[in-house]
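Have a look at the structure below before the remarks.
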Amino acid sequence: MSVFIGTSNPGFAPYAMEELRRRWPGITLSGLAPGETFKLSVDGTDDEALVRQLRRDEPIFLRHLFPVREELALSEQAEEVAAALVSFAGSLSAEVRGAKVAIQVRKAQDSTFPFSSAEARDLMVPALLEAGAQTVSRGADLILSVYTAKRSLYVGLSAPRDNLSDWPGGAVRFRREEGLISRAAFKLLEAEQTFDLPLTRFASALDLGAAPGGWTSVLLERGLRVTAVDPAAMDESLYDHPMLRHLRQNAAELNFAPGTFDLLVCDMSWDPHHTARIVKQLAPALSAGASVIVTLKLMYKKPMQTIADLLASYEESFDIKRVKQLFHNRDEVTVWMRK
Ligand SMILES: C[S@@+](CC[C@H](N)C(=O)[O-])C[C@H]1O[C@@H](n2cnc3c(N)ncnc32)[C@H](O)[C@@H]1O
């Protein structure tokens, strides 16, 4: 039996669980942090096969998971909890020798776990060093994961790619760069990283729903020429940028020569079905093989159905490459497509 701890964006765990149930109808699921973190157990498969299957056909809402090696009752005595953590770290000595190991500790809000994440990490570091491992925060070969629920402690050791994300719980962090125009910029930065799609690969972008200019500024930084479309004003810092043209108009009224752009990005706050129609109408303005990155706004009650309908519509004009609810997506998911 394979046991994992799974995590989604807050409020989206029911959909992550639904996606898993569709793959493994016999799966056992139990919530740990409501709406966000849950335990999953699947009979008749091993951890490797399960992860392989997930990576081949990645769920949209499951952000992170780690295989549970041990589930321990959470003692009320801090010394006993500390001893359990040290003992688990010590039990890994043969596996971690010579490896770079990251320790990721996450706590449910209602957990009685007596330590901060940093304190728990510090307790386990000596056992890893003694085993000949090096401890790191990024770029690890192995991740030692600890999740503390209300009364249980779950621990595991896995390769970063087997966790779907090498960030703790899939919570991707970017340094808040000086002069960042909007938080929305993180969505495009995360899409670039998650989809392994360096934006420097493109030359000319069309940005629909561009104001105040977070995405536009990322594209300009990557050296692209940008046509930004939005009736609203762009941030002052972008005025007169030599590589930027701002069209203050409705995206439904655009017309460009065939093959003008090799990238279309769209973060428009509008009905997602209208948005799909507009993006599809603009397909002729894209060169063959151009990429399209769109946030699908989940403004209706049935997100799974909304996504299925929208993808079916987009598929008439594009190849769908990836669909993912990124950590920086709120009530939306991000899709990458190619013409
Ligand atoms: C979430 S904001 C975009 C944020 C932007 N991606 C950034 O990084 O700063 C959504 C934008 O969509 C624009 N929008 C909504 N409907 C539009 C339409 N029909 N045509 C063009 N822009 C539209 C709004 O004016 C708003 O500025």
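The values are calculated or read from the model by the stated rules, or taken from the named source; none is laboratory data. Bear in mind that the values here come from a model prediction, so they are computed numbers and not experimental data. Here the Cβ positions follow ideal geometry from the backbone for every residue, glycine too, while neighbour counts run over all protein chains shown. These accessible areas exclude ligands, DNA and RNA; they are computed on the full protein's heavy atoms, side chains included. Shrake-Rupley method; radii C 1.70, N 1.55, O 1.52, S 1.80 Å.
The table below gives the values:
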read-out: Whichever residue in region 158-185 is within 12 Å of the ligand (Cβ to nearest atom) and not hydroxyl-bearing (Ser, Thr, Tyr) and, among such residues, is most open to solvent (accessible area, probe 1.4 Å); value: 183
read-out: Test: residue in region 130-146 that is of a type in the set (S, T, N, Q) and open to solvent by 60 Å² or more (accessible area, probe 1.4 Å); value: yes
read-out: Cβ pairs under 7 Å, 6+ apart, first in region 32-46 and on the phi > 0 side of the Ramachandran plot, second surrounded by fewer than 14 Cβ atoms within 10 Å (Cβ to Cβ) and not charged (D, E, K, R); value: 35/10; 35/11
read-out: Of the criteria (1) in contact (Cβ under 8 Å) with a residue 12 or more places away in the chain; (2) more than 16 Å from the ligand (Cβ to nearest atom); (3) acidic (Asp, Glu), which one residue 230 fails; value: (2)
read-out: Checklist (1) within 27 Å of residue 190 (Cα to Cα); (2) open to solvent by 50 Å² or more (accessible area, probe 1.4 Å) applied to residue 73, failing item; value: (1)
read-out: Qualifying residue in region 192-199 (condition: part of a strand (DSSP E or B), touching a residue at least 12 places away in the same chain (Cβ under 8 Å) and within 16 Å of the ligand (Cβ to nearest atom)); value: no
read-out: Strands (runs of 3 or more DSSP E) fully within region 255-333 counting 2 or more residues that are hydrophobic (A, V, I, L, M, F, W, C), within 24 Å of the chain's Cα centre (by Cα) and under 16 Å from residue 227 (Cα atoms); value: 261-266, 286-297
read-out: Count of region 142-166 residues which are assigned to a loop (DSSP other than H, G, I, E, B) and under 14 Å from the mean Cα position of the chain (by Cα); value: 3
read-out: Sole residue being closer than 23 Å to residue 174 by Cα, more than 13 Å from the ligand (Cβ to nearest atom) and touching a helix residue (DSSP H, G or I) at 6+ places or on another chain (Cβ under 8 Å), chosen from 224, 238, 188, 219; value: 224
read-out: Selection status of residue 205, outside any loop (DSSP other than H, G, I, E, B), assigned by TED's automatic domain parsing to the domain that holds residue 302, within 15 Å of residue 290 (Cα to Cα) and within 14 Å of the ligand (Cβ to nearest atom); value: yes
read-out: Members of region 290-319 found to be in contact (Cβ under 8 Å) with a residue 12 or more places away in the chain, closer than 23 Å to residue 256 by Cβ and open to solvent by 10 Å² or more (accessible area, probe 1.4 Å), listed by number; value: 313, 316, 317, 319
read-out: Residue in region 78-100 that is in a strand (DSSP E or B) and either polar (S, T, N, Q) or in contact with a Pro (Cβ under 8 Å, 6 or more places away or on another chain) (or both) present; value: no
read-out: Options 132, 98, 139, 169; residue that is within 19 Å of residue 67 (Cα to Cα) and either under 22 Å from the mean Cα position of the chain (by Cα) or not charged (D, E, K, R) (or both); value: 169
read-out: Selection within region 241-289 - open to solvent by 40 Å² or more (accessible area, probe 1.4 Å), away from the ligand (no atom under 15 Å from the Cβ) and hydrophobic (A, V, I, L, M, F, W, C); value: 243, 257, 288
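Residues are listed down the side, and each one gets a yes or a no for (1) out of contact with any Leu (no Cβ under 7 Å at 6 or more places or on another chain); (2) in the same structural domain as residue 39 (by TED's automatic domain parsing):
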residue: 150; (1), (2): yes, yes
residue: 159; (1), (2): no, yes
residue: 164; (1), (2): no, yes
residue: 175; (1), (2): yes, no
residue: 196; (1), (2): yes, no
residue: 199; (1), (2): no, no
